[in-house]
Amino acid sequence: MKDGAAGIRYPWDTPPAEGEAISVADGVLWMRLPLPMALDHVNVYALDDGDSWTVIDTGFDSKKTRAIWQKLLHGPLAGKPVARVIVTHHHPDHIGLAGWFQTEFGASLWTTRTAWLFARMLQLDEQALPRQETLDFYKSCGMDEDIFNQRASERPFNFADVVAPMPLGFKRIKQDDVIEIGGRMWDVHMGNGHAPEHATFWSRDDNLVLSGDQILPSISSNIGVYATEPEADPVADWLEACERLATYARDDQLILGGHKLPFTGVPLRMKQLIENHHGALNRLRDYLEHPQTAAECFLPLFKRQIDGGAYGLALVEALAHLNHLYHIGEISRTTREDGAYLWQRTN
Ligand SMILES: [Zn+2]
């Protein structure tokens, strides 16, 4: 199967069925777990360490996912223990069952310090209703009034709903580490922008790359600004990380990412991951001749109007691109009477 863009190829056109695995390289299994969202799956991998497995990412914590893991453990993983879980970044579809593997099976958790701290903080921060800071943040984005009123009155998305409790104790992975997984030595390079301190693993011994959500084919990783850090500039972080990671990219590499299909042709994909954002920033610059709120920027950014389930992701992504133009001095920001920021080109 071939992508519209020349050079990107997918060696497998069908993902593994629920509870099954596809062997993508010697001792490397690709598996999938369902997600109850528009992006309806996450890829996870198991690498054979001889007398045990290392699992890369884990899926959401749910009864269903735990049951699928039990099926995988006794099926494709053949009852051999999972001694280590490596988590690429702190998002719940990746870290959701890390604590379960630690508590139930005695596995050790390896991840970045930022991923661990962020996930554990969010797992403990359960809210029945959105906090005032979050509501103020929504106002600053110019959120649609009906959506605002609905969100203000209902239980927000909580990490604790889909992430198992995380016990104390993890092993830190950091930039420039070289670690052994599945009989290969891997260089660790940090991604950024989609999630802070997002680990990627580049095999020294063959052509494999475990890329998490930093490098995905066919869909763009969400780059968002949240109430946690409203002035953040994750677009700058993304561009820096992608430009740096692109220097390690080779056409023969098989990219094993967190979503969609394994692929080759990563040098071209890195170019696209960078250029897509430059394109979006250019469209936004043109559009901001007149003052606009973040919520009014969907059309130039995404080339379509967005509502329903994608509204929240679109809003945080719009703010990310506005913050970037603001931080590099190309647009100004003023506050409207209702608390919404209005953004406008400065020249
Ligand atoms: Zn993900």
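The values are calculated or read from the model by the stated rules, or taken from the named source; none is laboratory data. Keep in mind that what you see is a predicted model, and the values were worked out from it rather than measured. Quick reminder, even Gly has a Cβ in these numbers, built from the backbone with ideal geometry, and neighbours come from all protein chains shown. When the accessible area is computed, the model is the full protein with side chains, heavy atoms only, and any ligands, DNA or RNA have been set aside. Shrake-Rupley method; radii C 1.70, N 1.55, O 1.52, S 1.80 Å.
Could you tell me whether segment 57-68 includes any residue that is crowded, with 17+ Cβ neighbours inside 10 Å, within 26 Å of VAL188 (Cβ to Cβ), away from the ligand (no atom under 16 Å from the Cβ) and touching a residue at least 24 places away in the same chain (Cβ under 8 Å)?
Taking every residue of segment 57-68 in turn, none turns out to be crowded, with 17+ Cβ neighbours inside 10 Å, within 26 Å of VAL188 (Cβ to Cβ), away from the ligand (no atom under 16 Å from the Cβ) and touching a residue at least 24 places away in the same chain (Cβ under 8 Å).
Given (1) open to solvent by 20 Å² or more (accessible area, probe 1.4 Å); (2) touching a helix residue (DSSP H, G or I) at 6+ places or on another chain (Cβ under 8 Å), identify the lone condition not met by GLY19.
(1)
Between LEU261, LEU322, which is under 28 Å from GLY59 (Cα atoms) and touching a Phe, Trp or Tyr at 6+ places or on another chain (Cβ under 7 Å)?
When all the criteria are applied, what remains is LEU261.
Only one of these is charged (D, E, K, R), within 16 Å of the ligand (Cβ to nearest atom), modelled with pLDDT of 95 or more and not in a loop (DSSP other than H, G, I, E, B): GLU275, GLU317. Name it.
Just a single option satisfies the conditions, and that option is GLU317.
Select, from LEU284, LEU261, the only residue that is part of a helix (DSSP H, G or I), crowded, with 19+ Cβ neighbours inside 10 Å and at pLDDT 95 or above.
Selected residue: LEU284, the only one of LEU284, LEU261 that is part of a helix (DSSP H, G or I), crowded, with 19+ Cβ neighbours inside 10 Å and at pLDDT 95 or above.
Can you pull out the residues in segment 32-55 that are more than 14 Å from the ligand (Cβ to nearest atom) and open to solvent by less than 40 Å² (accessible area, probe 1.4 Å)?
Those that are more than 14 Å from the ligand (Cβ to nearest atom) and open to solvent by less than 40 Å² (accessible area, probe 1.4 Å): ALA46, LEU47, SER52, TRP53, THR54, VAL55.
Contact list please: Cβ distance under 9 Å, first residue in segment 190-208 and of a type in the set (Asp, Glu), second residue open to solvent by 30 Å² or more (accessible area, probe 1.4 Å), pairs at least six apart or on different chains.
Qualifying pairs under 9 Å: GLU197/ARG113; GLU197/THR114; GLU197/PHE118; GLU197/LYS174; GLU197/GLN175; ASP205/GLY183; ASP205/MET185; ASP206/ASP26.
Considering segment 83-92 alone, what residues qualify as being open to solvent by 20 Å² or more (accessible area, probe 1.4 Å) and within 16 Å of the ligand (Cβ to nearest atom)?
Selection gives HIS91 alone.
Can you confirm whether LYS80 is open to solvent by 40 Å² or more (accessible area, probe 1.4 Å), within 23 Å of the chain's Cα centre (by Cα), more than 16 Å from the ligand (Cβ to nearest atom) and of a type outside the set (S, T, N, Q)?
Working: open to solvent by 40 Å² or more (accessible area, probe 1.4 Å): yes; within 23 Å of the chain's Cα centre (by Cα): no; more than 16 Å from the ligand (Cβ to nearest atom): yes; of a type outside the set (S, T, N, Q): yes.
Here the answer is no, as LYS80 does not meet what is asked.
Scan segment 110-148 for residues that are in contact (Cβ under 8 Å) with a residue 60 or more places away in the chain, acidic (Asp, Glu) and open to solvent by 80 Å² or more (accessible area, probe 1.4 Å) and report the count.
2
Tally the residues that are under 20 Å from the mean Cα position of the chain (by Cα) and more than 16 Å from the ligand (Cβ to nearest atom), restricting the search to segment 249-262.
Our first condition is that a residue be under 20 Å from the mean Cα position of the chain (by Cα); within segment 249-262, this holds for 249, 254-262.
Keeping just the survivors that are more than 16 Å from the ligand (Cβ to nearest atom) gives 249, 254.
Here the count works out to 2.
Which residue out of VAL225, VAL235 is surrounded by 20 or more Cβ atoms within 10 Å (Cβ to Cβ), of a type in the set (A, V, I, L, M) and assigned to a loop (DSSP other than H, G, I, E, B)?
VAL225
Being within 22 Å of ARG269 (Cα to Cα), aliphatic (A, V, I, L, M) and either within 15 Å of the ligand (Cβ to nearest atom) or in a loop (DSSP other than H, G, I, E, B) (or both): is that true of LEU210 here? Walk me through how you get there before you give the answer.
On the way: within 22 Å of ARG269 (Cα to Cα): yes; aliphatic (A, V, I, L, M): yes; either within 15 Å of the ligand (Cβ to nearest atom) or in a loop (DSSP other than H, G, I, E, B) (or both): yes.
Considered against the rule, which asks whether it is within 22 Å of ARG269 (Cα to Cα), aliphatic (A, V, I, L, M) and either within 15 Å of the ligand (Cβ to nearest atom) or in a loop (DSSP other than H, G, I, E, B) (or both), LEU210 comes out as yes.
State the number of residues belonging to segment 99-127 that are of a type in the set (A, V, I, L, M), within 16 Å of the ligand (Cβ to nearest atom) and over 14 Å from GLY258 (Cβ atoms).
Total meeting the criteria: 2.
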